[in-house]
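Enquirer: Sharing a structure here in structure tokens format.
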Amino acid sequence: MKFAVIVFPGSNCDIDLYEVMHSVLECPVDYVDYRQTNLDDYDAILIPGGFSYGDYLRCGAIARFAPVMETIIEKANQGTPVFGTCNGFQILTEAGLLPGALRRNESLHFVCQPQPLVVENNQTIFTRLYEAGQEITLPIAHAEGNYYCDEATLAEMEANGQIVFRYQEGTNPNGSLANIAGITNKAGNVLGMMPHPERASEAILGFEDGLKLFKSLVESLQEKA
């Protein structure tokens with residue numbers, strides 16, 4: 001079992017993801033350059049937050065065309081788990097691996113704070129160790145986390161259980177439709193979310209609610225093996 005942390009120009013949370021897998025969970029993990037096109041050695045792919053290509057065009061829009069993305073799309077379509085946080089979520093929507101889009105925060109301000117969430121679906125490979133409806137706290141840090149999709153897509157996601165995390169009622173920090181904080185694809189093997197579970201995986205960081213996400217993924221892969 002081996003993990004890939006994809007590194008784009010402008011990624012700045014790649015070290016956070018690497019350290020969760022390497023130092024906390026003691027799993028084999030590599031940094032993988034965005035120019036790489038062979039991911040055959042990896043059982044799961046992690047896409048970090050940051051500012052890929054400086055967000056000069058639109059968040060994730062340039063990264064979507066990086067050489068590694070063609071392989072990631074292929075692997076995801078074959079069932080390989082893919083996780084993206086913050087800018088990683090934006091990249092996954094731009095690549096068409098997740099529905100919808102991320103827009104500027106409703107306030108037009110960057111938000112950086114501990115954020116209360118609700119685990120909407122604990123029946124995924126990423127959330128199996130959480131309780132259904134569990135309230136957790138994860139850090140957020142973004143300017144374009146306002147999730148949007150059309151009504152038909154929202155209804156389909158609701159029906160399929162694709163909405164995995166929501167912001168607690170009354171605490172929506174960016175104006176996301178239906179308080180959406182994280183979603184999966186229909187197959188459930190691709191997860192994108194705005195909050196940063198990797199920044200909440202050790203007591204020394206002040207939060208540990210994010211660790212169960214990575215433990216869930218590890219356990220899911222172990223069972224599959």
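Laboratory data are not the source of any read-out in this text; all were calculated from the coordinates shown. What you are looking at is a predicted structure, and each value in this text was computed from that prediction instead of being measured. In this analysis, Cβ positions are derived from the backbone assuming ideal geometry, glycine residues included, and neighbour counts consider all displayed protein chains.
Enquirer: Using a ≥ b ≥ c from the Cα gyration tensor of the stretch 1-63 (square roots of the eigenvalues), is it rounded, prolate or oblate, where a/c under 1.5 gives rounded and otherwise the larger of a/b and b/c decides, a/b for prolate? Please list the in-between numbers first.
Expert: Numbers: a/c = 3.12, a/b = 1.62, b/c = 1.92.
Oblate, because a/c is 1.5 or more while a/b does not exceed b/c.
Enquirer: Determine ³J(HN,Hα), in whole Hz, for all residues of the stretch 114-121 in sequence, where each value follows from phi through the Karplus function 6.51 cos²θ - 1.76 cosθ + 1.60 and θ = phi - 60°; x replaces Gly and Pro.
Expert: x, 10, x, 10, 10, 7, 7, 9
Enquirer: Rank Asn172, Asn105, Asn38 by mean-square fluctuation in a GNM of the chain with C-alpha springs under 10 angstrom and give only the top-ranked residue.
Expert: Taking springs between Cα atoms under 10 Å, the residue moving most is Asn38.
Enquirer: Amide H of Gln168: which non-local residues (sequence gap of 5 or more, or other chain) have their own amide H closer than 5 Å, using H built in the peptide plane?
Expert: Leu117, Val118
Enquirer: Can you sort Phe65, Phe165 so the residue with the fewest Cβ neighbours within 10 Å comes first?
Expert: Phe65, Phe165
Enquirer: Please arrange Met194, Met1 by counting, for each residue, the other beta carbons lying within 10 Å of its beta carbon, fewest first.
Expert: In increasing order of surrounding Cβ atoms, one gets Met1, Met194.
Enquirer: How big is the charge dipole of the stretch 3-224 about its Cα centre, in debye rounded to the nearest 20, if each Lys and Arg gets +1 on its Cβ and each Asp and Glu gets -1 on its Cβ?
Expert: 340
Enquirer: Next question. Between Gln36 and residues 5 or more places away or on another chain, which pairs have amide H atoms under 5 Å apart, with H built 1.01 Å from N, and which residues are they?
Expert: Amide H neighbours of Gln36, under 5 Å, 5+ apart: Val68.
Enquirer: A follow-up question, please. Could you list, in their original order, any pairs among Lys2/Lys186; Lys2/Lys215; Lys186/Lys215; Lys75/Lys212; Lys75/Lys215 whose Cα atoms are separated by more than 19 Å?
Expert: Lys2/Lys186; Lys186/Lys215; Lys75/Lys212; Lys75/Lys215
Enquirer: Sticking with this structure for a sec: If the elastic network links every pair of Cα atoms under 10 Å, which of Pro195, Pro114, Pro48 fluctuates the most in the Gaussian network model of the chain?
Expert: Pro114
Enquirer: Using θ = phi - 60° and the Karplus relation 6.51 cos²θ - 1.76 cosθ + 1.60, list the HN-Hα couplings for the stretch 140-150 in order, rounded to whole Hz, with x at every Gly or Pro.
Expert: 10, 7, 7, 10, 10, x, 7, 6, 9, 8, 7
Enquirer: What is the local net charge at Leu129, summed over the other residues whose Cβ is closer than 14 Å to its Cβ (Lys, Arg +1; Asp, Glu -1)?
Expert: -2
Enquirer: Go through the stretch 198-208 residue by residue and turn each phi into a ³J(HN,Hα) via Karplus (6.51, -1.76, 1.60, θ = phi - 60°); whole Hz please, and just put x for glycine and proline.
Expert: Each residue of the stretch 198-208 in turn: 5, 8, 9, 10, 9, 4, 5, 7, x, 9, 10 Hz.
Enquirer: What are the residues whose amide H is under 5 Å from the amide H of Val29, where those residues sit 5 or more places off or on another chain and H is modelled from the backbone?
Expert: Counting only residues 5 or more places away or on other chains, the set is Phe3.
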